[in-house]
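Scroll down for the structure; my scribbles are underneath it.
The values are calculated or read from the model by the stated rules, or taken from the named source; none is laboratory data. Since the model is a prediction, treat every value here as computed from it, not as a measurement. FYI the Cβ positions are ideal-geometry reconstructions off the backbone, even for glycines, and counts take in every protein chain you see.
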Amino acid sequence: MIAIALGFVGAGVRAGRFMVGVSLLPARTAWDAAWPALQARGEAAFEAAFDDALAGPLTEHFARSLGEHRVIERVADELIANGTVTALFDQALQAGLAEQIADRLLAPDVLDSPVLLEITDRVMASDEMQRVIAHIASSPELRAAIAEQTTGLTDEMVAGVRQRTVSLDDVAERTVRGWLRRPRPMTT
């Protein structure tokens, strides 16, 4: 008896599933026909929502979060540690891109950019740069070069003054001899 009851229940469940499937057939057909249009509208709506989100304060919040959590620095550190940056530079050198990269970096619009000026100011104000400058300024090689240049400059100044003095002496002698109407002595 229980087996017969379970058989009826099973048949009822199968019949119910069939009836649900048959009753949903028009809805399913309508859905399949409408899906491409809904999908196109959904993509356009998504794009519009995405544009609205980027136009609002989300972009600033996202950038602030990237900075606070040092995401860019962490990614750069990982790329450097993995050798990715070195490999990129090696590939660029092998491809002959060194001159193109240098030309772009030394282009007038790059050299005059406010970002480069700010970076330069920050580097020059850093403690590391001050230590480098102090080290260079106290090096014996620099002191010797400055002393040699100063000696050379002094020698040039003395030679210039000597030449002007000789010229001035000749002019003065000619003037006085001209007043006295005496000829210039012959030099041997």
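Can you find a residue that is modelled with pLDDT of 85 or more and either more than 30 Å from residue 92 (Cβ to Cβ) or in contact with a helix residue (DSSP H, G or I) (Cβ under 7 Å, 6 or more places away or on another chain) (or both) anywhere in the range 117-124? Yes, the range 117-124 has at least one match.
Counting only helices (runs of 4 or more DSSP H) that fall entirely inside the range 61-174 and contain at least 3 residues that are surrounded by 10 or more Cβ atoms within 10 Å (Cβ to Cβ) and under 18 Å from the mean Cα position of the chain (by Cα), the qualifying elements are 71-81, 84-94, 98-105, 114-125. With respect to the stated conditions, residue 181 is over 29 Å from residue 62 (Cβ atoms) and modelled with pLDDT under 85.
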